[in-house]
1. Considering amide H positions built from the backbone, and no H for Pro or chain starts, which residues 5 or more places from Trp151, or on another chain, come under 5 Å of its amide H?
2. What percentages, rounded to whole numbers, describe P(r) for the stretch 44-106 computed over all alpha carbon pairs with 5 Å bin width beginning at zero?
3. Whenever you get a sec, compute what percent of the accessible area on the stretch 105-175 sits on carbon and sulfur atoms (1.4 Å probe).
4. Once fully extended, how much extra length lies between Leu75 and His54, figured as 0.36 nm per residue of separation less the alpha-carbon to alpha-carbon distance?
5. Can you tell me which of 78-89, 52-63, 107-118 comes out highest on packing, and rank the rest after it, using the mean Cβ neighbours within 10 Å?
6. Expressed as a whole percent, how much of the Cα-Cα distance distribution for the stretch 89-173 exceeds 15 Å?
7. Please work out the average accessible area per residue across the stretch 47-194, using the 1.4 Å probe convention, and give it in Å².
8. How far is the Cα center of the stretch 44-84 from the Cα center of the stretch 144-176, in Å?
Amino acid sequence: MSSSTVEPTLPPPDRDPEPPPREAHFTRTRHDPAAGRRPWSRLAADLAGLVDAHALALLRATVGIVFVGFGVLKLFPSASPAEQLAVDAATKMTLGLVPETVLLLSLAALETAIGIGLIVGRRLLRPALVVFFLHMGGVFSTLVLLPDAMWQPHSPAPTMEGQYVVKNVVLVAVCLVVAANEWGRRSRPRRTAG
């Protein structure tokens, strides 16, 4: 018995091959996560990216603006709703040795300087943060120094003035984030090119 192998034969090539099927009139060369989204979704994503890239500067600037605003208000008599509260607390802290006018002007200058330091940043940022935290220590001490003004009688609930003081925890939290980033930069190793 003999065996024979049969070679497969290929059909002759077509002289006019068919072109490949055409895709849609547009093609994406790379994956674009924003493609196909609604315009407002793209705008929201762009805005979120912008805020994320500048979050620390935004936090610094907003707290700085608040401090400059409230500091400047204290320069004008009776313009600040916290004026008397601030003077009473500062008077207790200084044992009544400093005149009220000097205390108020000092607080106005201090708060304005903190605000400017936060807004400008750079070399002013670290001193501004240190003074901010010292100032907040004084602000929160009013909860103890002026209990009748800070707390409702026979209740642990704060008065309107107490709420004015307690809401500063938000500013403290923001400045803790800014300070952690600022002071953390010194401890991070620098990247070298190459």
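The values are calculated or read from the model by the stated rules, or taken from the named source; none is laboratory data. Predicted model only: the values in this text are computed from it and were never measured. Ideal geometry is used to build each Cβ from the backbone, glycine not excepted, and the neighbour counts take in all protein chains shown. Keep in mind that these areas ignore ligands, DNA and RNA; they rest on the heavy atoms of the full protein, side chains included. Shrake-Rupley method; radii C 1.70, N 1.55, O 1.52, S 1.80 Å.
1. Under 5 Å from the amide H of Trp151 lie the amide H atoms of Thr159, each far enough along the sequence or on another chain.
2. 3, 16, 19, 14, 12, 9, 8, 8, 6, 4, 1, 0
3. C and S fraction of accessible area: 74 percent.
4. My answer for the length gained is 4.4 nm.
5. 107-118, 78-89, 52-63
6. Considering the stretch 89-173, 65 percent of its Cα-Cα pairs are separated by more than 15 Å.
7. On a per-residue basis, 63 Å².
8. Cα centres, the stretch 44-84 to the stretch 144-176: 20 Å.
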